[in-house]
Every structure is written in structure tokens, then in C-alpha cells.
Amino acid sequence: MTKKIMVGFGAWVSVAALWCSAQEMGLLLHTPNTVYLVGEPIVADVRIHNRTTRAFEVKKGLEGSQLTLRITRGEDQVSIEPFDPQSVIAEVTLAATAVWEGRIEITRYFPVRDPGRYLMRLVTVHAGTRYESSPRSFDVVPGLELATVAQVFPGQPPRQRKMRLVYWVRSQMEELFLEVKDEPEARIWRTYSLGPVLRTTAPTVDIAPDGMLSIIHRATPDVFVKTQIKSEETTVMFLGQEKLLDPVTSASRRMLPFQKMAMDDAIDRREKSKNKGGWWRFW
């Protein structure tokens, strides 16, 4: 009799545990990259599964529900405070058992520009209960410098804008970035990814008196990429990119089929001359 009671009690505990687990909020947080350059926009993919029996809703000014990030930096786990504590990183309305997926630009809400290792969690409060996702870490690095150019704006004191071309290895491929920084710092500018780079040819960077920045770098053995950015005192604007074929390499590649045809023809004529028998006159 005692054994039957204990077995029944164990089964009830298991069912209760499964029921409690089913009542939780499922939170997942993922960053596409584990390393970001200083000033590069940092994004996170978010998945929220409302496993509770009540609707989950997050809106600015709505009490009772909350969705935010908790970010710490370094071994001391120093908390990074958001720009605006009242900001809502995403507005979500989820019925029971429904799923929401979205992408959040972390750098819009948190100052995560300084180099170092960061740890973040997705946090929500639903029906008075607090939930946290598993932690996700990422690093912010200054990159490895390839070239630099400076722009000076008049004033008291004058302000210098330093633009650095740096690279970093991402997905087993070297990628080129442009970092923009004012000294003394008046505004924070974003870092632009300029795409793959082959460092066998040094990139060039020039700036015109009107603030037009032109960057040319080798992206593949055959292709250069020209990037244009307009840098004015109050704005930095990415204008676009265009591909430029390397004339030397491209010409060589265009000649390859003709070179092969000429080689094949020479080999064919040589073989024919070998197989051709001698000829003598007998009269």
C-alpha cells in the first residue's frame, strides 16, 4: 500500500513539474556575430514563446509587462545602463502559446562602444513573474589599422575627425571597416563595413576639400571596390559602392582562352609532324 502511494505521489510531482515548465516564458537571444568592431551596429535576434495561459503584451507605458536587456561588461560584471530607462526595445503582443521573433539593434539602446567583453540577457516580467534568457556574450574590438585620414573643421577649438580603415577576420574572411571618430568627441558615428578585403594590395583613402571621402580596396583578385562617403561637420553619409575591374588581371584572364587555343594548335601541329612519315623519290 505504501509503495503504491509513493509511486502515485512521484507521478503527481512529475506532472506538476511538467505543468510548471509549460507555464514559463521561453526566451532566446542570439547575435549573428561574436565579435564586433568599435562603433559597428550590434544586433540581436530575439525569440519569445508565450507558454503561459495568459496573453503577453509589451507597450510603452503599459504596466505589468516588461521586455528589456540586461548587459554587463568585463570580469567585474559592471552593469551597462541604457540611454533611456523608459525605452521599450520592442512592442510585442502574444496570445497564449504564440511565438514572436524579431531583431533588435542593441547599440540604439545601450552604450556598448568601448572595447571589451559583454554579457547580455533578455529579461521580461509577465503577470508579476520575472524571466531571463540564457546569457549571450560578444566582444567589441578596435580592429587592425590599415590606413587613416584626418579632416579638420574650424572652430574654437578646431575639431579633428579621424577616419581609420581597419580589418578583422569574420567567418574565415578578412573584412574591411571604416571607423569615424571626432576629437574632441562631439558626436558618436557608426562604423561601416566595406566588405571583403585582400590585403595583398593596400587600400587607398582620399578626402576632397568638400568632404567627399573615396576609398578603393581590393575585394577579390580581379575586383576593386570604390566606396564614397560624404563627411560634413554635422553629418556622415554613406553614398554607395561600385566595382572596378583590375585592368591588368582582367586582360590576362580574357586572353586565357585564346592562349589555350594557340597552345592546343601548336601541340596538334607538333604531333602531326611526328606521325608524318618520310618521303623519298625513287626515280
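Quick note: the coordinates plus some simple rules give every number you see, no bench work behind them. The structure displayed is predicted, hence computed values, not measured ones. Neighbour counts run over all protein chains shown; Cβ positions are idealised from the backbone, glycine included.
Computed from label points 7 Å out along Cα-Cβ, the spacing between LYS162 and ASP222 is 4.0 nm.
Suppose the Debye formula is applied to equal point scatterers at every Cα of the stretch 143-247; what is log10 I(q)/I(0) at q = 0.09 Å⁻¹? For the stretch 143-247, the Cα-only Debye profile gives -0.23.
In this structure, the amide hydrogen of GLN66, modeled 1.01 Å from its nitrogen in the peptide plane, lies closer than 5 angstrom to those of VAL125, counting only residues at least 5 positions away or on a different chain. Hey, which of these cross-link pairs are over 29 Å Cα-Cα: LYS60/LYS230; LYS59/LYS162; LYS60/LYS162; LYS181/LYS226? The answer is LYS60/LYS230; LYS59/LYS162; LYS60/LYS162. Residue separation of THR93 and SER137 scaled by 0.36 nm, minus their Cα-Cα distance, works out to 13.1 nm of gained length.
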